[in-house]
Amino acid sequence: MKKPLLLGTSALLLAGSSALAQQDVTIRWMAGNTAIAMETTQAMAQMYMDANPHTIGGEEYNVTVEVIQGPESASDRYALYLQFFQAQSAEADILEIDVIWPGDLAEHLVDLYEYEGVAEDVQAHFPAIVENNTVDGRLVGIPAFTDAGLLYYRSDLLEEYGFDGPPETWAELEEMARTIVEGESADNPDFTGFVWQGQAYEGLTCNALEWIASFGGGTIVSQEGQIEVFNDQAIAALETAAGWVGTISPQAVTGFQEEDARRIFTAGNAVFMRNWPYAYALLVDAEGDVTTENVGITTLPAGEEGGTPAATLGGWQYGVNRYSNNPEVAVDVARFMASREGQLYRALNEGLLPTIEALYEDEELLGSPYAWFADLLPVFQSAVARPSTPTAPRYNEVSRAFFTAVHGVLMGTTDAETALGELEFTLEELTGLPVAGGAQEVASR
Ligand code: GLC
(Lines give C-alpha, C1' and ligand atoms only; values in the text may rest on other atoms or scores of the structure.)
Protein backbone atom coordinates (compact mmCIF):
# COMPACT_ATOMS: atom_id res chain seq x y z
CA MET A 1 0.00 0.00 0.00
CA LYS A 2 1.42 3.37 -1.01
CA LYS A 3 2.05 5.81 1.81
CA PRO A 4 1.02 9.44 1.09
CA LEU A 5 4.01 11.48 0.04
CA LEU A 6 5.12 14.18 2.39
CA LEU A 7 3.32 17.19 1.06
CA GLY A 8 6.24 19.52 0.38
CA THR A 9 5.88 21.85 -2.60
CA SER A 10 7.77 19.59 -4.97
CA ALA A 11 5.60 16.65 -4.02
CA LEU A 12 2.52 18.73 -4.70
CA LEU A 13 3.88 19.69 -8.09
CA LEU A 14 4.56 16.06 -8.90
CA ALA A 15 1.18 14.84 -7.77
CA GLY A 16 -0.97 14.30 -10.78
CA SER A 17 1.95 14.21 -13.21
CA SER A 18 2.20 10.93 -15.10
CA ALA A 19 5.92 10.36 -14.38
CA LEU A 20 6.37 8.14 -11.33
CA ALA A 21 8.03 9.94 -8.47
CA GLN A 22 10.92 7.99 -7.01
CA GLN A 23 10.57 7.64 -3.31
CA ASP A 24 13.65 7.63 -1.13
CA VAL A 25 13.41 4.97 1.53
CA THR A 26 15.94 3.79 4.09
CA ILE A 27 15.75 0.20 5.26
CA ARG A 28 17.62 -0.62 8.43
CA TRP A 29 18.81 -4.20 8.66
CA MET A 30 20.02 -5.67 11.93
CA ALA A 31 22.71 -8.10 10.85
CA GLY A 32 24.88 -10.77 12.45
CA ASN A 33 27.97 -10.32 14.50
CA THR A 34 30.58 -12.93 13.59
CA ALA A 35 33.97 -11.86 12.30
CA ILE A 36 32.85 -11.37 8.70
CA ALA A 37 29.08 -11.05 8.94
CA MET A 38 29.13 -7.25 8.82
CA GLU A 39 31.44 -7.23 5.82
CA THR A 40 29.34 -9.60 3.72
CA THR A 41 26.06 -8.06 4.78
CA GLN A 42 27.28 -4.63 3.79
CA ALA A 43 28.51 -5.95 0.45
CA MET A 44 25.09 -7.44 -0.24
CA ALA A 45 23.35 -4.26 0.81
CA GLN A 46 25.55 -2.46 -1.70
CA MET A 47 24.58 -4.91 -4.46
CA TYR A 48 20.94 -4.14 -3.77
CA MET A 49 21.59 -0.40 -3.80
CA ASP A 50 23.54 -0.67 -7.05
CA ALA A 51 20.35 -2.00 -8.63
CA ASN A 52 18.34 1.14 -7.67
CA PRO A 53 15.69 2.18 -8.52
CA HIS A 54 13.54 -0.81 -7.56
CA THR A 55 9.96 -1.17 -8.69
CA ILE A 56 7.95 -2.59 -5.82
CA GLY A 57 4.17 -2.91 -5.92
CA GLY A 58 4.01 -0.58 -8.91
CA GLU A 59 6.02 2.19 -7.21
CA GLU A 60 9.62 3.22 -7.83
CA TYR A 61 11.96 3.37 -4.90
CA ASN A 62 15.47 4.57 -4.39
CA VAL A 63 16.48 2.41 -1.45
CA THR A 64 19.29 2.95 1.04
CA VAL A 65 20.07 -0.17 3.05
CA GLU A 66 21.72 0.64 6.36
CA VAL A 67 23.32 -2.31 8.08
CA ILE A 68 23.39 -2.22 11.87
CA GLN A 69 25.39 -4.65 13.93
CA GLY A 70 23.34 -6.87 16.23
CA PRO A 71 24.54 -8.20 19.59
CA GLU A 72 26.89 -11.18 19.37
CA SER A 73 25.00 -13.50 21.67
CA ALA A 74 21.71 -14.90 20.40
CA SER A 75 20.24 -14.52 23.90
CA ASP A 76 21.17 -10.80 24.04
CA ARG A 77 19.76 -10.28 20.60
CA TYR A 78 16.48 -11.85 21.63
CA ALA A 79 16.28 -9.50 24.61
CA LEU A 80 16.97 -6.50 22.36
CA TYR A 81 14.23 -7.52 19.90
CA LEU A 82 11.79 -7.81 22.78
CA GLN A 83 12.66 -4.25 23.77
CA PHE A 84 12.03 -3.05 20.22
CA PHE A 85 8.71 -4.84 20.06
CA GLN A 86 7.54 -3.64 23.44
CA ALA A 87 8.18 -0.08 22.27
CA GLN A 88 6.66 -0.90 18.83
CA SER A 89 9.88 0.55 17.50
CA ALA A 90 10.82 0.81 13.82
CA GLU A 91 14.51 0.97 14.77
CA ALA A 92 15.21 -1.99 12.47
CA ASP A 93 13.06 -3.00 9.49
CA ILE A 94 14.72 -6.35 8.79
CA LEU A 95 15.62 -8.55 11.73
CA GLU A 96 17.65 -11.72 11.54
CA ILE A 97 15.62 -14.35 13.34
CA ASP A 98 17.14 -17.46 14.91
CA VAL A 99 15.55 -20.77 13.87
CA ILE A 100 14.13 -21.16 17.40
CA TRP A 101 12.28 -17.84 17.50
CA PRO A 102 9.41 -17.94 14.98
CA GLY A 103 6.98 -19.40 17.52
CA ASP A 104 7.99 -16.93 20.24
CA LEU A 105 8.13 -13.79 18.07
CA ALA A 106 5.49 -14.40 15.38
CA GLU A 107 3.10 -11.71 16.56
CA HIS A 108 5.70 -8.98 15.99
CA LEU A 109 6.68 -9.99 12.47
CA VAL A 110 4.79 -9.43 9.23
CA ASP A 111 3.24 -12.35 7.38
CA LEU A 112 5.55 -12.55 4.39
CA TYR A 113 2.99 -14.56 2.45
CA GLU A 114 1.04 -11.32 2.07
CA TYR A 115 3.78 -9.91 -0.17
CA GLU A 116 4.15 -10.58 -3.84
CA GLY A 117 6.60 -13.27 -4.91
CA VAL A 118 7.41 -14.70 -1.49
CA ALA A 119 5.22 -17.80 -1.77
CA GLU A 120 7.02 -18.73 -5.01
CA ASP A 121 10.47 -17.88 -3.61
CA VAL A 122 10.19 -20.18 -0.62
CA GLN A 123 9.41 -23.20 -2.76
CA ALA A 124 13.12 -23.46 -3.53
CA HIS A 125 14.04 -23.70 0.18
CA PHE A 126 14.16 -26.78 2.42
CA PRO A 127 10.51 -27.46 3.30
CA ALA A 128 11.31 -28.28 6.95
CA ILE A 129 12.74 -24.79 7.49
CA VAL A 130 9.82 -23.09 5.76
CA GLU A 131 7.51 -25.12 7.97
CA ASN A 132 9.51 -24.10 11.03
CA ASN A 133 9.05 -20.45 10.04
CA THR A 134 5.31 -20.78 9.48
CA VAL A 135 3.23 -20.01 12.55
CA ASP A 136 -0.56 -20.39 12.29
CA GLY A 137 -0.26 -20.22 8.53
CA ARG A 138 1.81 -17.00 8.60
CA LEU A 139 5.33 -17.04 7.21
CA VAL A 140 7.40 -14.96 9.62
CA GLY A 141 10.87 -15.50 8.14
CA ILE A 142 12.44 -16.19 4.75
CA PRO A 143 15.26 -18.69 5.38
CA ALA A 144 18.68 -17.03 5.25
CA PHE A 145 20.99 -19.93 6.10
CA THR A 146 20.98 -23.18 8.02
CA ASP A 147 23.49 -24.33 10.62
CA ALA A 148 24.57 -27.45 12.48
CA GLY A 149 27.17 -28.09 15.16
CA LEU A 150 30.39 -29.66 13.87
CA LEU A 151 33.69 -30.94 15.20
CA TYR A 152 36.78 -29.16 13.88
CA TYR A 153 40.08 -30.95 14.45
CA ARG A 154 43.76 -30.45 13.72
CA SER A 155 44.45 -33.29 11.28
CA ASP A 156 48.20 -32.53 11.30
CA LEU A 157 48.43 -32.99 15.07
CA LEU A 158 46.29 -36.12 15.09
CA GLU A 159 48.60 -37.64 12.56
CA GLU A 160 51.74 -36.51 14.35
CA TYR A 161 50.57 -38.21 17.55
CA GLY A 162 49.67 -41.41 15.74
CA PHE A 163 45.88 -41.22 15.68
CA ASP A 164 44.21 -42.66 12.58
CA GLY A 165 41.41 -40.21 12.33
CA PRO A 166 39.06 -38.01 14.31
CA PRO A 167 37.37 -39.36 17.45
CA GLU A 168 34.11 -41.24 17.14
CA THR A 169 33.16 -41.06 20.79
CA TRP A 170 33.59 -38.41 23.48
CA ALA A 171 35.86 -40.83 25.36
CA GLU A 172 38.16 -41.01 22.33
CA LEU A 173 38.15 -37.24 22.04
CA GLU A 174 39.21 -36.97 25.69
CA GLU A 175 42.02 -39.43 25.18
CA MET A 176 43.36 -37.76 22.05
CA ALA A 177 43.09 -34.31 23.62
CA ARG A 178 44.99 -35.41 26.74
CA THR A 179 47.81 -37.00 24.76
CA ILE A 180 48.25 -34.10 22.37
CA VAL A 181 48.03 -31.41 25.04
CA GLU A 182 50.66 -33.23 27.06
CA GLY A 183 53.00 -33.17 24.09
CA GLU A 184 52.28 -29.64 22.87
CA SER A 185 52.12 -27.75 26.13
CA ALA A 186 55.85 -28.04 26.71
CA ASP A 187 56.38 -25.53 23.88
CA ASN A 188 53.05 -23.77 24.14
CA PRO A 189 51.65 -23.32 27.65
CA ASP A 190 48.42 -21.86 26.19
CA PHE A 191 47.69 -25.03 24.27
CA THR A 192 44.41 -26.74 25.15
CA GLY A 193 42.43 -29.80 24.02
CA PHE A 194 38.86 -28.83 23.27
CA VAL A 195 37.10 -25.47 22.97
CA TRP A 196 33.33 -25.00 22.80
CA GLN A 197 30.56 -22.67 23.96
CA GLY A 198 30.07 -22.87 27.71
CA GLN A 199 28.75 -19.43 28.61
CA ALA A 200 25.23 -19.31 30.08
CA TYR A 201 23.40 -18.37 26.84
CA GLU A 202 21.68 -20.00 23.87
CA GLY A 203 24.95 -21.41 22.56
CA LEU A 204 25.27 -23.57 25.67
CA THR A 205 21.79 -24.96 25.05
CA CYS A 206 23.05 -26.03 21.60
CA ASN A 207 26.22 -27.66 22.97
CA ALA A 208 24.50 -29.42 25.86
CA LEU A 209 21.70 -30.70 23.64
CA GLU A 210 24.39 -32.33 21.48
CA TRP A 211 26.01 -34.04 24.48
CA ILE A 212 22.71 -35.25 25.85
CA ALA A 213 21.24 -36.38 22.53
CA SER A 214 24.50 -38.19 21.67
CA PHE A 215 24.17 -40.11 24.96
CA GLY A 216 20.58 -41.03 24.05
CA GLY A 217 19.22 -38.72 26.75
CA GLY A 218 16.50 -37.02 24.66
CA THR A 219 16.02 -33.46 23.48
CA ILE A 220 14.89 -31.55 26.65
CA VAL A 221 11.27 -31.64 25.48
CA SER A 222 10.33 -34.09 22.74
CA GLN A 223 8.77 -32.81 19.53
CA GLU A 224 5.57 -34.48 20.79
CA GLY A 225 5.64 -32.22 23.83
CA GLN A 226 6.93 -34.46 26.65
CA ILE A 227 9.57 -33.23 29.07
CA GLU A 228 12.50 -35.63 28.83
CA VAL A 229 15.36 -34.04 30.68
CA PHE A 230 15.75 -36.07 33.88
CA ASN A 231 17.21 -39.43 32.91
CA ASP A 232 20.39 -41.44 33.42
CA GLN A 233 21.83 -40.69 29.99
CA ALA A 234 21.34 -36.93 30.35
CA ILE A 235 22.97 -37.05 33.78
CA ALA A 236 25.92 -39.02 32.40
CA ALA A 237 26.32 -36.57 29.50
CA LEU A 238 26.48 -33.55 31.80
CA GLU A 239 28.86 -35.28 34.17
CA THR A 240 31.13 -36.03 31.23
CA ALA A 241 31.12 -32.43 30.00
CA ALA A 242 31.67 -31.05 33.50
CA GLY A 243 34.77 -33.25 33.65
CA TRP A 244 36.29 -31.39 30.67
CA VAL A 245 36.31 -28.01 32.40
CA GLY A 246 39.81 -27.31 33.63
CA THR A 247 41.17 -30.58 32.16
CA ILE A 248 40.96 -30.98 28.37
CA SER A 249 39.19 -27.60 28.13
CA PRO A 250 40.30 -24.34 29.72
CA GLN A 251 38.58 -23.29 32.95
CA ALA A 252 37.45 -20.18 31.06
CA VAL A 253 35.36 -22.26 28.63
CA THR A 254 32.36 -21.62 30.89
CA GLY A 255 32.51 -18.02 29.63
CA PHE A 256 33.00 -18.79 25.93
CA GLN A 257 30.79 -17.95 22.98
CA GLU A 258 31.44 -19.04 19.38
CA GLU A 259 34.06 -16.40 18.61
CA ASP A 260 36.01 -17.04 21.83
CA ALA A 261 36.42 -20.68 20.87
CA ARG A 262 37.12 -19.79 17.26
CA ARG A 263 39.89 -17.33 18.09
CA ILE A 264 41.72 -19.89 20.24
CA PHE A 265 41.42 -22.56 17.58
CA THR A 266 42.50 -20.37 14.65
CA ALA A 267 45.43 -19.08 16.71
CA GLY A 268 46.69 -22.68 16.83
CA ASN A 269 45.99 -23.16 20.53
CA ALA A 270 43.54 -26.08 20.50
CA VAL A 271 43.24 -29.56 18.96
CA PHE A 272 39.44 -29.70 18.81
CA MET A 273 36.68 -27.14 18.50
CA ARG A 274 32.91 -27.42 18.47
CA ASN A 275 31.53 -24.73 16.21
CA TRP A 276 29.17 -23.91 13.34
CA PRO A 277 30.22 -23.96 9.67
CA TYR A 278 30.93 -20.20 9.57
CA ALA A 279 34.21 -20.78 11.42
CA TYR A 280 35.58 -22.49 8.33
CA ALA A 281 35.44 -19.22 6.38
CA LEU A 282 38.06 -17.83 8.74
CA LEU A 283 40.44 -20.63 7.77
CA VAL A 284 40.06 -20.27 4.03
CA ASP A 285 42.48 -17.41 3.52
CA ALA A 286 44.36 -17.92 6.75
CA GLU A 287 48.13 -18.03 6.94
CA GLY A 288 50.29 -19.86 9.44
CA ASP A 289 49.67 -23.19 11.16
CA VAL A 290 45.94 -23.31 11.06
CA THR A 291 44.55 -23.33 7.52
CA THR A 292 42.13 -25.51 5.58
CA GLU A 293 45.15 -27.73 4.85
CA ASN A 294 45.45 -29.06 8.35
CA VAL A 295 41.96 -28.71 9.73
CA GLY A 296 39.37 -31.44 9.30
CA ILE A 297 35.63 -31.17 9.86
CA THR A 298 33.41 -34.02 10.91
CA THR A 299 30.36 -34.95 12.95
CA LEU A 300 30.55 -34.46 16.70
CA PRO A 301 31.37 -37.61 18.72
CA ALA A 302 28.78 -40.10 19.94
CA GLY A 303 28.17 -40.86 23.62
CA GLU A 304 29.51 -44.37 23.32
CA GLU A 305 30.85 -46.80 20.76
CA GLY A 306 28.20 -47.56 18.20
CA GLY A 307 26.12 -44.62 19.52
CA THR A 308 24.69 -41.87 17.42
CA PRO A 309 26.38 -38.48 17.13
CA ALA A 310 24.15 -35.44 17.31
CA ALA A 311 24.37 -31.97 15.77
CA THR A 312 22.06 -29.22 16.95
CA LEU A 313 20.10 -27.57 14.17
CA GLY A 314 20.72 -23.85 13.96
CA GLY A 315 20.16 -21.21 11.34
CA TRP A 316 18.73 -17.78 10.70
CA GLN A 317 15.86 -16.19 8.80
CA TYR A 318 15.08 -12.71 7.55
CA GLY A 319 12.01 -11.40 9.30
CA VAL A 320 10.33 -8.04 8.77
CA ASN A 321 9.40 -5.98 11.78
CA ARG A 322 5.65 -5.49 12.08
CA TYR A 323 6.25 -1.91 13.22
CA SER A 324 8.36 -1.00 10.18
CA ASN A 325 7.18 2.05 8.23
CA ASN A 326 8.14 0.42 4.94
CA PRO A 327 7.38 -3.30 5.19
CA GLU A 328 6.87 -3.72 1.47
CA VAL A 329 10.32 -2.38 0.62
CA ALA A 330 11.89 -4.31 3.51
CA VAL A 331 10.38 -7.54 2.15
CA ASP A 332 11.89 -6.78 -1.24
CA VAL A 333 15.35 -6.34 0.30
CA ALA A 334 14.94 -9.56 2.31
CA ARG A 335 13.87 -11.44 -0.82
CA PHE A 336 17.08 -10.38 -2.53
CA MET A 337 19.23 -11.45 0.44
CA ALA A 338 17.52 -14.85 0.54
CA SER A 339 17.66 -15.35 -3.22
CA ARG A 340 19.93 -17.84 -4.91
CA GLU A 341 22.40 -15.06 -5.65
CA GLY A 342 22.31 -13.79 -2.07
CA GLN A 343 22.71 -17.23 -0.50
CA LEU A 344 25.54 -18.17 -2.84
CA TYR A 345 27.32 -14.95 -1.90
CA ARG A 346 27.01 -15.65 1.81
CA ALA A 347 28.07 -19.28 1.29
CA LEU A 348 31.22 -18.36 -0.63
CA ASN A 349 32.20 -15.38 1.50
CA GLU A 350 30.91 -16.19 4.94
CA GLY A 351 30.76 -20.00 4.96
CA LEU A 352 27.01 -20.07 5.56
CA LEU A 353 24.99 -23.09 4.48
CA PRO A 354 22.30 -22.31 1.92
CA THR A 355 18.69 -23.27 2.52
CA ILE A 356 18.07 -23.40 -1.22
CA GLU A 357 18.51 -27.07 -1.98
CA ALA A 358 19.73 -26.57 -5.57
CA LEU A 359 22.77 -24.65 -4.34
CA TYR A 360 24.24 -27.90 -2.99
CA GLU A 361 24.69 -28.87 -6.65
CA ASP A 362 25.85 -25.47 -7.81
CA GLU A 363 29.07 -25.65 -9.79
CA GLU A 364 30.56 -22.56 -8.30
CA LEU A 365 29.94 -23.86 -4.79
CA LEU A 366 31.28 -27.32 -5.66
CA GLY A 367 34.42 -25.76 -7.12
CA SER A 368 35.00 -23.65 -4.02
CA PRO A 369 36.60 -24.36 -0.62
CA TYR A 370 33.03 -25.05 0.55
CA ALA A 371 32.48 -28.15 -1.60
CA TRP A 372 32.25 -30.14 1.67
CA PHE A 373 28.84 -28.58 2.30
CA ALA A 374 27.45 -31.10 -0.16
CA ASP A 375 29.13 -34.05 1.65
CA LEU A 376 27.70 -33.02 4.97
CA LEU A 377 24.20 -32.41 3.69
CA PRO A 378 22.89 -35.59 5.42
CA VAL A 379 24.30 -34.32 8.75
CA PHE A 380 22.57 -30.99 8.33
CA GLN A 381 19.33 -32.63 7.36
CA SER A 382 19.31 -34.98 10.33
CA ALA A 383 20.32 -32.29 12.82
CA VAL A 384 18.51 -32.29 16.15
CA ALA A 385 15.99 -29.48 16.61
CA ARG A 386 15.71 -27.63 19.87
CA PRO A 387 12.19 -27.90 21.31
CA SER A 388 11.06 -24.46 20.11
CA THR A 389 7.91 -25.65 18.37
CA PRO A 390 6.43 -27.76 21.22
CA THR A 391 7.21 -25.06 23.80
CA ALA A 392 6.28 -21.91 21.82
CA PRO A 393 5.83 -19.12 22.78
CA ARG A 394 7.90 -19.97 25.86
CA TYR A 395 10.92 -21.57 24.22
CA ASN A 396 13.23 -18.78 25.28
CA GLU A 397 12.32 -19.32 28.93
CA VAL A 398 12.71 -23.09 28.56
CA SER A 399 16.14 -22.64 27.05
CA ARG A 400 17.15 -20.16 29.74
CA ALA A 401 16.15 -22.63 32.47
CA PHE A 402 18.07 -25.36 30.67
CA PHE A 403 21.32 -23.48 30.08
CA THR A 404 21.26 -22.06 33.60
CA ALA A 405 20.99 -25.59 35.03
CA VAL A 406 23.74 -26.89 32.75
CA HIS A 407 26.00 -23.95 33.55
CA GLY A 408 25.64 -24.68 37.27
CA VAL A 409 26.83 -28.24 36.65
CA LEU A 410 29.80 -27.05 34.58
CA MET A 411 30.77 -24.60 37.31
CA GLY A 412 30.52 -27.34 39.92
CA THR A 413 27.93 -25.43 41.95
CA THR A 414 25.46 -28.29 41.64
CA ASP A 415 25.62 -31.93 40.56
CA ALA A 416 23.99 -33.15 37.36
CA GLU A 417 21.33 -35.27 39.03
CA THR A 418 20.12 -32.46 41.31
CA ALA A 419 20.25 -29.88 38.50
CA LEU A 420 18.26 -31.99 36.05
CA GLY A 421 15.74 -33.08 38.70
CA GLU A 422 15.06 -29.45 39.55
CA LEU A 423 14.97 -28.52 35.89
CA GLU A 424 12.29 -31.10 35.22
CA PHE A 425 10.15 -29.47 37.87
CA THR A 426 10.82 -25.95 36.52
CA LEU A 427 9.93 -27.03 32.98
CA GLU A 428 6.67 -28.57 34.18
CA GLU A 429 5.76 -25.30 35.88
CA LEU A 430 6.80 -23.22 32.88
CA THR A 431 5.17 -25.20 30.11
CA GLY A 432 2.45 -27.28 31.74
CA LEU A 433 3.71 -30.20 29.62
CA PRO A 434 3.83 -33.79 30.94
CA VAL A 435 7.00 -35.61 31.93
CA ALA A 436 8.04 -38.61 29.84
CA GLY A 437 8.56 -41.32 32.48
CA GLY A 438 11.45 -39.36 34.02
CA ALA A 439 10.79 -40.22 37.65
CA GLN A 440 10.78 -43.96 36.96
CA GLU A 441 13.92 -43.90 34.87
CA VAL A 442 16.00 -42.19 37.51
CA ALA A 443 14.52 -44.21 40.39
CA SER A 444 16.13 -47.27 38.81
CA ARG A 445 19.65 -45.86 39.18
C1 GLC B 1 24.22 -20.05 15.74
C2 GLC B 1 22.99 -20.83 15.30
C3 GLC B 1 21.79 -20.44 16.11
C4 GLC B 1 22.10 -20.60 17.57
C5 GLC B 1 23.30 -19.78 17.97
C6 GLC B 1 23.68 -20.03 19.41
O7 GLC B 1 24.10 -18.72 15.38
O8 GLC B 1 22.75 -20.65 13.93
O9 GLC B 1 20.67 -21.21 15.74
O10 GLC B 1 20.99 -20.28 18.38
O11 GLC B 1 24.39 -20.12 17.15
O12 GLC B 1 24.78 -19.31 19.79
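Couple of notes before you dig in:
- Contact order normalised by residue count of the chain, Cα under 8 Å, 6+ apart, percent: 23 percent
- Pairwise label distance in nanometres, Thr308 with Tyr161, each label 7 Å out on the Cα-Cβ vector: 3.0 nm
- Its Cα centre serving as origin, region 122-239 has a Cβ charge dipole (Lys and Arg +1, Asp and Glu -1) of approximately 620 debye.
- Fully extending the segment from Thr26 to Ala171 would add 46.9 nm, taking 0.36 nm per residue of separation and subtracting the current Cα-Cα distance.
- Carbon + sulfur, % of accessible area of the chain - ligands and nucleic acids excluded, 1.4 Å: 47 percent
- Percent antiparallel among DSSP beta bridges (both partners in the chain, rounded to 5): 60 percent
- Note on region 352-412: Kirkwood radius taken over Cα pairs, Stokes-Einstein applied at 20 °C and 1.002 mPa s, translational D equal to 147 µm² s⁻¹.
- Segment Asp136-Glu361, extension gain: residue separation times 0.36 nm, minus the distance between their alpha carbons: 77.7 nm
- Residues whose amide H comes within less than 5 Å of that of Leu109, counting only those at least five positions distant or on another chain, are Arg322 (H built at 1.01 Å from N in the peptide plane).
- Here the extension length gained between Met411 and Ala128 equals 98.3 nm, from 0.36 nm per residue of separation less the Cα-Cα distance.
- Positive-end residue of Ala128, Phe85, Phe230, charge dipole of the chain with Cβ unit charges: Phe85
- Per residue accessible area in Å² of the chain, where ligands, DNA and RNA are left out and the probe is 1.4 Å: 42 Å²
- Selection from Ala383, Leu427, Tyr360, by position along the positive dipole direction of region 325-445 (Cβ): Leu427
- Whole-Hz ³J(HN,Hα) from phi, Karplus 6.51 cos²θ - 1.76 cosθ + 1.60, for region 252-262, glycine and proline x: 6, 4, 6, x, 8, 10, 3, 5, 5, 5, 5
- Simple Cβ-charge dipole of the chain, Lys/Arg +1 and Asp/Glu -1, about Cα centre, in debye nearest 20: 1280 debye
- Per residue, the average separation of C-alpha pairs within less than 8 Å and at least 6 apart gives region 68-217 a relative contact order of 19 percent.
- Under 5 Å from the amide H of Arg28 lie the amide H atoms of Glu66, Asp93, Ile94, each residue being 5 or more positions distant or on a separate chain, with H modelled from the backbone and absent for Pro and chain starts.
- Paramagnetic label zone (point 7 Å from Cα along Cα-to-C-beta, Arg340; backbone N under 13 Å) in region 360-396: 360-365
- GNM flexibility winner over the chain from Asp285, Asp147, Asp104 (Cα, springs under 10 Å): Asp285
- Think of each Lys and Arg Cβ as +1 and each Asp and Glu Cβ as -1; about the Cα centre, that makes the dipole of region 325-418 roughly 440 debye.
- Backbone geometry of region 80-93 corresponds, through the Karplus equation with coefficients 6.51, -1.76 and 1.60 at θ = phi - 60°, to 3J(HN,Hα) couplings of 5, 4, 4, 4, 4, 5, 4, 8, 6, 7, 9, 3, 10, 8 Hz, x marking Gly and Pro.
- GNM top mover of Ala106, Ala416, Ala286 - the chain, alpha-carbon springs below 10 Å: Ala286
- Residues of region 216-253 falling in the label zone of Arg178, defined by backbone nitrogen less than 12 Å from a point 7 Å along Cα to beta-carbon, are 244, 247-248.
- Only Cα pairs under 8 Å and 6+ residues apart enter the sum, and on that basis the relative contact order of region 236-366 stands at 15 percent.
- Derived scalar couplings ³J(HN,Hα) [region 139-145; Karplus, 6.51 cos²θ - 1.76 cosθ + 1.60; whole Hz; x for Gly, Pro]: 8, 9, x, 8, x, 9, 7
- The chain pair-distance distribution - Cα-Cα, 20 Å bins, rounded %: 25, 53, 19, 3, 0
The values are calculated or read from the model by the stated rules, or taken from the named source; none is laboratory data. A quick note: this is a predicted structure, and the numbers were derived from the prediction, not measured. Using ideal geometry, Cβ is built from the backbone for each residue, glycine included, and neighbour counts are taken over all protein chains shown. Please note that ligands, DNA and RNA were not included when accessible areas were found on the heavy atoms of the full protein model with its side chains. Shrake-Rupley method; radii C 1.70, N 1.55, O 1.52, S 1.80 Å.
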